Amino acid sequence: MKNFLVAALMLCSLASLAQSKFIEVEVTDTITLKPVSFQCNIYLQDDYSAIDTSAVVFDENYDPMAEQEKQKNKLQEIKRKLEAKKYKVGPLSPKGDIMGVRLYGMNDSGWSVNVNNEADIQKIRDLLGVGAYVDVEVIKYADEAKAEEQLIKKLIEKAKSKAVIIASHSGLKAGKILEVKEGKGGSGSAFETFMMEMMKSRSMGRDKTSYSGSLEKTFVVKFAAE
């Protein structure tokens, strides 16, 4: 009787071990997002590069009020140029800084214009010329929900292919999916990731030619191993 119980326990243990076999893989992929709506934040740009520091002298006749009036006139001229081309001009969006730090060479006053194509961004830059900084942010991407669905399907297929390869080299066979969970992916602190995304999402110069975005996901997928 005792031997029978020992044998039964061993069989149960082996069955449990067999059932616990699985293959777990982690996959990461991205999908491109097409921008369809943009916000142009337009500032007066201070050209510090044009200053000859060796020749700078204190101007006792400098009038800050007169300088402010000069800046206001420049801003009004920018507005007139934009409205003449039928752009709807609004107040500057409060997005001209990163984590509360104003971007170098960027004035605090300006205008905001929304456009629906990249051609208009370049038209605005050509229209305003030197002295105006056009900072572009994407407001909306096309079919984000559909893009996410496509990315999820792509990740599952990628995980299946990876599991099959692992199984073939392990004397196993990849079976059905037991669990899917979203992984962390990437590296670095949350602050570093945030800052990198902020910098990538902005136009940090007048030569930016593409505003396409991307969606990235990491999945951890567990397969039954047979």
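The values are calculated or read from the model by the stated rules, or taken from the named source; none is laboratory data. Worth saying up front: this structure is predicted, and the values here are computed from it rather than measured. Note: ideal-geometry Cβ built from the backbone for every residue, glycine included; neighbour counts use all protein chains shown. Accessible surface is based on the protein model in full, side chains and every heavy atom, while ligands, DNA and RNA are left aside. Shrake-Rupley method; radii C 1.70, N 1.55, O 1.52, S 1.80 Å.
Note on segment 91-135: among residues that are of a type in the set (G, A, S) and surrounded by 14 or more Cβ atoms within 10 Å (Cβ to Cβ), the one that is modelled with the highest pLDDT is S112.
Every residue, every condition in (1) modelled with pLDDT under 85; (2) in contact with a Pro (Cβ under 7 Å, 6 or more places away or on another chain); (3) farther than 30 Å from Q45 by Cβ, yes or no:
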residue	(1), (2), (3)
A142	no, no, yes
A145	no, no, yes
K158	no, no, yes
V164	no, no, yes
V180	no, no, yes
S187	yes, no, yes
K200	yes, no, no
S203	yes, no, no
A225	no, no, yes
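For residues in segment 133-182 being among the polar types (S, T, N, Q), part of a helix (DSSP H, G or I) and over 23 Å from S214 (Cα atoms), which is nearest to the chain's Cα centre (by Cα)? By that ranking, first place goes to S161. A count restricted to segment 151-188 and to residues that are more than 24 Å from A225 (Cβ to Cβ), open to solvent by 90 Å² or more (accessible area, probe 1.4 Å) and in contact with a strand residue (DSSP E or B) (Cβ under 7 Å, 6 or more places away or on another chain) stands at 1.
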